[in-house]
1. Which is loosely packed, with under 14 Cβ neighbours inside 10 Å, of a type in the set (Gly, Ala, Ser) and at pLDDT 90 or above, of Ser22, Ser79?
2. What's the total number of residues in segment 29-47 that are surrounded by fewer than 14 Cβ atoms within 10 Å (Cβ to Cβ) and farther than 16 Å from Ile62 by Cα?
3. For segment 17-32, what are the residues that are outside any helix (DSSP H, G or I) and more than 12 Å from the chain's Cα centre (by Cα)?
4. Restricting attention to segment 5-16, which residues are part of a loop (DSSP other than H, G, I, E, B) and in contact (Cβ under 8 Å) with a residue 24 or more places away in the chain?
Amino acid sequence: MSPRVRVGGRYRMEEGEIEVDSIDPIGFPDITPELARESGFLGVLDLLKVAKHGRGENIYLIRFHYVRPRGKRKGQRKSEPRRRVVRQKRVD
C-alpha cells in the first residue's frame, strides 16, 4: 500500500494545517532510538505502538511542518484553543 498523503499536500487540523515536506520509504533498521526521540516518542517501541497500521509491510518516513491558521475576519467568533500533538515524522 502506498502513502495516503502527498508531498506538498496540506491537511487540515482543528487549528491550522500540516504540509508534507517529504516521503521516504525506509526499513526497520532505519527506525532507531534517535529517530523515535526526534519524532516525539520515548523510544522505538513507543513509536511502533502508535505508528504501525495494518500488516506493516511498507514503512514511510513522512516529514511535515505546521502551518498556522490565517487571522479570522472581523465578526467571526474565536474558537477555544485546543492542544494538539503533532509528530514530526510518521512511520506507516
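The values are calculated or read from the model by the stated rules, or taken from the named source; none is laboratory data. Small disclaimer: the values here were computed from a predicted structure and weren't measured. Quick reminder, even Gly has a Cβ in these numbers, built from the backbone with ideal geometry, and neighbours come from all protein chains shown.
1. Exactly one of Ser22, Ser79 is loosely packed, with under 14 Cβ neighbours inside 10 Å, of a type in the set (Gly, Ala, Ser) and at pLDDT 90 or above, namely Ser22.
2. Adding up the residues that qualify gives 5.
3. Residues satisfying the conditions are Asp24, Pro25, Ile26, Gly27, Ile31, Thr32.
4. Matches in segment 5-16: Val5, Met13, Glu14, Glu15, Gly16.
Residue-wise test of (1) part of a strand (DSSP E or B); (2) over 29 Å from Arg68 (Cα atoms); (3) basic (Lys, Arg).
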{"site": "Glu34", "(1), (2), (3)": "no, no, no"}
{"site": "Leu45", "(1), (2), (3)": "no, yes, no"}
{"site": "Lys49", "(1), (2), (3)": "no, no, yes"}
{"site": "Glu57", "(1), (2), (3)": "no, yes, no"}
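Yes/no per residue for (1) at positive phi; (2) surrounded by 12 or more Cβ atoms within 10 Å (Cβ to Cβ); (3) modelled with pLDDT under 75:
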{"residue": "Lys49", "(1), (2), (3)": "no, no, no"}
{"residue": "Asn58", "(1), (2), (3)": "no, yes, no"}
{"residue": "Phe64", "(1), (2), (3)": "no, yes, no"}
{"residue": "Val67", "(1), (2), (3)": "no, yes, no"}
{"residue": "Gly75", "(1), (2), (3)": "yes, no, yes"}
